[in-house]
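Let me begin by presenting the structure, written as structure tokens, before commenting on it.
The values are calculated or read from the model by the stated rules, or taken from the named source; none is laboratory data. What you see is a predicted model, and the numbers here were worked out from it, not measured in a lab. Cβ placement follows ideal geometry from the backbone for every residue including glycine, while neighbour counts extend to all protein chains displayed. Just the protein is used for accessible areas: all its heavy atoms, side chains included, with ligands, DNA and RNA removed. Shrake-Rupley method; radii C 1.70, N 1.55, O 1.52, S 1.80 Å.
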Amino acid sequence: MWRSGELLPWEEARIHVNAVGHASAAAVFEGIKAYRAADGERLLLFRLREHLERLRTSARICRLDLPYSTDEMVDAVVRTIRANGYRDDAYIRPWAFPEGIIREQMVPAGARCELVVDTWPFDSGLKRTQGCRAAVSSWLRISDASTPPRVKAFSNYHNGRLALMEARENGHDWPILLNERHKVTEGAAACLALVRDGVVITPSLTSGVLDSITRSTALTLLRELGVPVEEREVDRTELYLADELFFMGTAWEILPVTSIDGLPVGTGVPGPVTGRLEAAYTRLVRGESGEHRDWFTELHI
Ligand code: PMP
């Protein structure tokens, strides 16, 4: 692991128990993927810089002092990946938390942070053939007026976790949360879009969603494929009329939704627009399309 300026063996990255609880209310993080290129010769870190810039925006909104520039954090991630000798897909988790022992629940503004970079292997779900079952949650999404969803903070995941447990209890795979105006927002840890009459529609960034890097990637790819895209408020009942529905996020990649609140989405199997997007996303992240070179940090393996 990389911790606040140095690489150290994973089991030595320790912390006092009193440093955990209160500091965790003010901890922010990122989730990033390194894909093994189709040529087998490179690891492609996807939109690393954008993720680390989002970590900086999360720290800024939470008034945390993250004492590393984006360049320094890029270097920390690259060093961690190299030190682990990855030759295959790896998930990267940089996270920042107030340093030292904090006994105040109200972690003071300007608290200086430690930064940790952890990594582990992952199995990509791309090219999956099955979709998932989603359900609208009775829990509302956190709002910009209380606990901003634009911030990628661990404490936000209390909301998604409650919704996920409810969805699983009721026999579904993933929840979809509505905002305080009862408009559609996102899933527990992924954004969402529907397809109706050939148009892809996704809740706008002011609906109460994370400014997702996969969402922005997907919208770019769809426009390049000539698919019209709308970013706007989405009603719950539009989900029931959708021809296709899919989640999008770093971890979930492009995940088709085949049932919503027990109703089949379209014909009940992943649809053609989702399929084209997933294929384009796969070619992109595996370095096969050769496009958007500035989105990649390449490491030879
Ligand atoms: N919404 C939430 C709540 C998330 O946790 C994530 C995963 N980071 C996303 C959306 C998708 O964001 P991204 O595409 O940047 O991973």
Mind listing whichever residues of segment 9-60 are charged (D, E, K, R), touching a residue at least 12 places away in the same chain (Cβ under 8 Å) and away from the ligand (no atom under 12 Å from the Cβ)? ARG36, ASP39, GLU41, ARG42, ARG49, ARG56
Looking at (1) polar (S, T, N, Q); (2) within 16 Å of the ligand (Cβ to nearest atom); (3) out of contact with any helix residue (DSSP H, G or I) (no Cβ under 6 Å at 6 or more places or on another chain), can you tell me which one GLN130 breaks? (2)
What is the residue count in segment 157-175 for residues that are within 15 Å of the ligand (Cβ to nearest atom) and either open to solvent by 10 Å² or more (accessible area, probe 1.4 Å) or in contact with a helix residue (DSSP H, G or I) (Cβ under 8 Å, 6 or more places away or on another chain) (or both)? 8
What is the residue count in segment 176-200 for residues that are away from the ligand (no atom under 11 Å from the Cβ) and open to solvent by less than 10 Å² (accessible area, probe 1.4 Å)? 7
Among LEU45, LEU55, the single one that is closer than 30 Å to VAL273 by Cβ, buried (at least 22 other Cβ atoms within 10 Å of the Cβ) and of a type in the set (A, V, I, L, M, F, W, C) is LEU45
Name the residues in segment 94-144 that are farther than 30 Å from HIS172 by Cα, of a type outside the set (A, V, I, L, M, F, W, C) and either out of contact with any Gly (no Cβ under 9 Å at 6 or more places or on another chain) or touching a residue at least 60 places away in the same chain (Cβ under 8 Å) (or both), would you? PRO94, PRO98, GLU99, GLY100, ARG103, GLU104, GLN105, PRO108, GLY110, GLU114, ASP118
Of those in segment 202-255 that are aromatic (Phe, Trp, Tyr) and under 18 Å from the mean Cα position of the chain (by Cα), the residue farthest from the ligand (Cβ to nearest atom) is PHE246
